[in-house]
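**Student:** Okay, handing you the structure first.
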Amino acid sequence: MKCEQILLWVSDYVDGELPHEKCVELEKHLTLCPRCRSIVNTLKTTIALYQKVELYKLPTSIHQSLHQMLRHEWEIHETKVDVKSLKFPPMELIEKKKEFLLLIELPGLKKEDLTLTAKPRSIEISGFNKQIDGIYYIKEIKHGWFLRAIELPASIDISKADAQLKNGLLQIRFPKSMEDLRG
């Protein structure tokens, strides 16, 4: 579900007129999207205050203040890290004198979940990160198929590569090829 769809349903949701199945979908989205959650919560609070005071028309200054506050909340949450935009799995490539060290974070994955392909100047890792069934209140871990391919700044000796997966961290050591060590 996209944020734009949420904004179309918000009015019916706040008024209690949104069909149950759409409410479930919207509430699930709100658990994952702080920007939409902030807007809905602010709107609910505004309506509750409005009903308490029994005003039928908000004064212009209050209306403008609320509008600015909502825009500010939207912008604050918009600048936070979007998990969908993060590269998965996160990795670091470190060049040492005689080798490259590739560190890849793979929490919860086993060797049999992964495929690693090395070529003289590139490395590709793919696999599948299973998702646990249930209702997520916080969802920052990426699930599903992934593929990362990186180009190396120098050639490697594939035959002498060494990989170890321990505590969710895959460490791969690739010795530089003899040609690059001479240069």
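**Student:** Between a first residue in the stretch 159-171 that is in the same structural domain as Leu101 (by TED's automatic domain parsing) and a second residue that is surrounded by 12 or more Cβ atoms within 10 Å (Cβ to Cβ) and aromatic (Phe, Trp, Tyr), which pairs have beta carbons less than 9 Å apart while being 6 or more apart in sequence or on different chains?
**Tutor:** That search, which allows pairs on different chains as well, returns Lys160/Phe174; Ala161/Phe174; Asp162/Phe174.
**Student:** Further question: Among the residues of the stretch 130-152, count how many are part of a loop (DSSP other than H, G, I, E, B) and exposed (fewer than 10 other Cβ atoms within 10 Å of the Cβ). Explain how you work it out, then say what you get.
**Tutor:** Initial filter on the stretch 130-152 (part of a loop (DSSP other than H, G, I, E, B)): 130-143, 152.
Narrowing the set further to residues that are exposed (fewer than 10 other Cβ atoms within 10 Å of the Cβ) leaves 132-135, 137-138, 140.
Residues meeting the conditions: 7.
**Student:** Oh, and also: Would you be able to tell me the number of residues in the stretch 1-45 that are out of contact with any helix residue (DSSP H, G or I) (no Cβ under 6 Å at 6 or more places or on another chain) and small (Gly, Ala, Ser)?
**Tutor:** 2
**Student:** What number of residues in the stretch 6-43 are at pLDDT below 75 and within 27 Å of Ile141 (Cβ to Cβ)?
**Tutor:** Number of matching residues: 2.
**Student:** Applying the selection to the stretch 136-160, what residues are farther than 18 Å from Glu105 by Cα and modelled with pLDDT of 85 or more? Please lay out each step first, then the result.
**Tutor:** Initial filter on the stretch 136-160 (farther than 18 Å from Glu105 by Cα): 136-138, 151-160.
Glu151, Leu152, Pro153, Ala154, Ser155, Ile156, Asp157, Ile158, Ser159, Lys160 - these are the residues of the stretch 136-160 that are farther than 18 Å from Glu105 by Cα and modelled with pLDDT of 85 or more.
The values are calculated or read from the model by the stated rules, or taken from the named source; none is laboratory data. These numbers were taken from a predicted model, which means no experiment stands behind them. A quick note on method: Cβ atoms are made from the backbone with ideal geometry, for glycine too, and the neighbour counts reach across all protein chains shown.
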